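The values are calculated or read from the model by the stated rules, or taken from the named source; none is laboratory data. Owing to the predicted nature of the structure, the values given are computational and were not obtained by experimental measurement. Cβ placement follows ideal geometry from the backbone for every residue including glycine, while neighbour counts extend to all protein chains displayed.
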Amino acid sequence: MLATVNGIELYYEGRGKGPALVFFHGLGENSNSWKYQMEFFEKTFRVIAMDLRGHGKSADGEEPITMTLFADDVLALLEGLGIKKAHFVGHSMGGLINQEIAAHHGSSMQTMVLSDAAGFYPPPFGTTGLEERLRRIDTMSMDDVAQAIVDVACCPTAPAAIKAEVKEMFAANRKVPYRQATIATLKADYRPYHSQMTMPTLLLVGQYDQTTPLSYAQFLNAAIPGSKLQIIPGAAHMTKLENPTAYNRAVAEFLAPFEPEASLPLLR
């Protein structure tokens, strides 16, 4: 479905009835990367996943991409759908969008899941790492960029079909918005706000994640009051695709105290 939001068209998928559960994908991904979560949670939740601006079937817009702009798009879309408060699940860059909303629009959040995410990117990732990322984008084809991402983001033992799907998703990116979103991602820093993030928070990280490793999740765990940390076994950075069974169960168990009527049937 398409919705006009902040002057551009955003593509989103919305299914099911019940408490609102919203998914934000990572840099270079799209809403289809949440297919296993949408299929699982739509039985008892109202699930929404969107292509963020500059990604997938959504328009690029004329403004340079920032986390603030992403968050404004998300909140405007939800307002148009009549959703004032929701449970938010963000993967990687989507986790940064979650933190942007938590920092400045926390009243819209019931709970927050940060999946394979960072609160900031420490050196060298956030300095020379950004320079190297931009060099690749500027000098390589998106097909080659996509292969380099797959080599790091997917567990070596991940099924070939998953690796092929991830490569196809990243190779389809448009360079200009992808470059802008890369800059916005690696320059983001929510450390000043973490102590104020008091909504229930779950941190998920893949056992073999090299992109946002366990140390990043441990930092968030110490910084966000009352947050819980869980490792997804047998997965690297693409946890939601590599081990959707464990991922879905972790989210459902986390939501159970807040939405027992919607969550408990999924755990039986």
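Among the criteria (1) touching a helix residue (DSSP H, G or I) at 6+ places or on another chain (Cβ under 8 Å); (2) part of a helix (DSSP H, G or I); (3) closer than 19 Å to VAL22 by Cα; (4) not acidic (Asp, Glu), the one ILE137 does not fulfil is (3). Of all residues in segment 40-91, those satisfying the criterion of being surrounded by 16 or more Cβ atoms within 10 Å (Cβ to Cβ) and acidic (Asp, Glu) are GLU42, ASP51, ASP72, ASP73. Restricting the search to segment 196-230, which residues are in a loop (DSSP other than H, G, I, E, B) and within 19 Å of LEU186 (Cβ to Cβ)? ASP209, GLN210, THR211, THR212, PRO213 - these are the residues of segment 196-230 that are in a loop (DSSP other than H, G, I, E, B) and within 19 Å of LEU186 (Cβ to Cβ). Taking the listed residues LYS57, LYS35, the one that is closer than 16 Å to TYR247 by Cβ and modelled with pLDDT of 95 or more is LYS35, with no other qualifying.
It is to be established whether one or more residues within segment 71-90 are more than 27 Å from GLU165 (Cβ to Cβ), aliphatic (A, V, I, L, M) and touching an Asp or Glu at 6+ places or on another chain (Cβ under 6 Å). The answer is yes; a qualifying residue exists.
I'm trying to understand the selection: among the residues of segment 74-102, which are touching a residue at least 24 places away in the same chain (Cβ under 8 Å) and part of a loop (DSSP other than H, G, I, E, B)? Answer for segment 74-102, where residues must be touching a residue at least 24 places away in the same chain (Cβ under 8 Å) and part of a loop (DSSP other than H, G, I, E, B): LEU81, ILE83, LYS84, LYS85, SER92. Among the residues of segment 25-39, those that are out of contact with any strand residue (DSSP E or B) (no Cβ under 6 Å at 6 or more places or on another chain), crowded, with 20+ Cβ neighbours inside 10 Å and either among the small types (Gly, Ala, Ser) or farther than 20 Å from THR211 by Cβ (or both) comprise GLY28, SER33. The number of residues in segment 231-268 that are among the aliphatic types (A, V, I, L, M), more than 19 Å from the chain's Cα centre (by Cα) and assigned to a loop (DSSP other than H, G, I, E, B) comes to 1. Among the residues of segment 168-212, write down those that are of a type in the set (Ser, Thr, Tyr) and either surrounded by fewer than 17 Cβ atoms within 10 Å (Cβ to Cβ) or touching a residue at least 60 places away in the same chain (Cβ under 8 Å) (or both). TYR178, THR182, THR185, TYR190, TYR193, SER195, THR198, THR201, THR211, THR212 - these are the residues of segment 168-212 that are of a type in the set (Ser, Thr, Tyr) and either surrounded by fewer than 17 Cβ atoms within 10 Å (Cβ to Cβ) or touching a residue at least 60 places away in the same chain (Cβ under 8 Å) (or both). Residue count for segment 108-139, restricted to those that are of a type in the set (Ser, Thr, Tyr), buried (at least 17 other Cβ atoms within 10 Å of the Cβ) and either closer than 20 Å to GLN207 by Cβ or modelled with pLDDT under 95 (or both): 2. Among the residues of segment 140-155 satisfying the criterion of being in a helix (DSSP H, G or I) and either in contact with a strand residue (DSSP E or B) (Cβ under 6 Å, 6 or more places away or on another chain) or not hydrophobic (A, V, I, L, M, F, W, C) (or both), which is surrounded by the most Cβ atoms within 10 Å (Cβ to Cβ)? Taking the candidates together, the pick is GLN147.
Quick one: would you say ALA158 is buried (at least 16 other Cβ atoms within 10 Å of the Cβ), small (Gly, Ala, Ser) and within 17 Å of the chain's Cα centre (by Cα)? Against the criterion (buried (at least 16 other Cβ atoms within 10 Å of the Cβ), small (Gly, Ala, Ser) and within 17 Å of the chain's Cα centre (by Cα)), ALA158 does not qualify. Of the listed requirements (1) at pLDDT below 95; (2) in contact with a Ser or Thr (Cβ under 9 Å, 6 or more places away or on another chain); (3) not hydrophobic (A, V, I, L, M, F, W, C), GLU9 misses just one: (1). Within segment 233-268, being exposed (fewer than 14 other Cβ atoms within 10 Å of the Cβ), touching a residue at least 12 places away in the same chain (Cβ under 8 Å) and either closer than 13 Å to PHE40 by Cα or among the hydrophobic types (A, V, I, L, M, F, W, C) (or both) holds for PHE258, PRO265, LEU267.
Close contacts from segment 121-147, counting a first residue that is of a type in the set (Asp, Glu) and a second that is surrounded by 14 or more Cβ atoms within 10 Å (Cβ to Cβ) and assigned to a helix (DSSP H, G or I), with Cβ to Cβ under 6 Å and a gap of 6+ residues or different chains, come to ASP143/ALA171.
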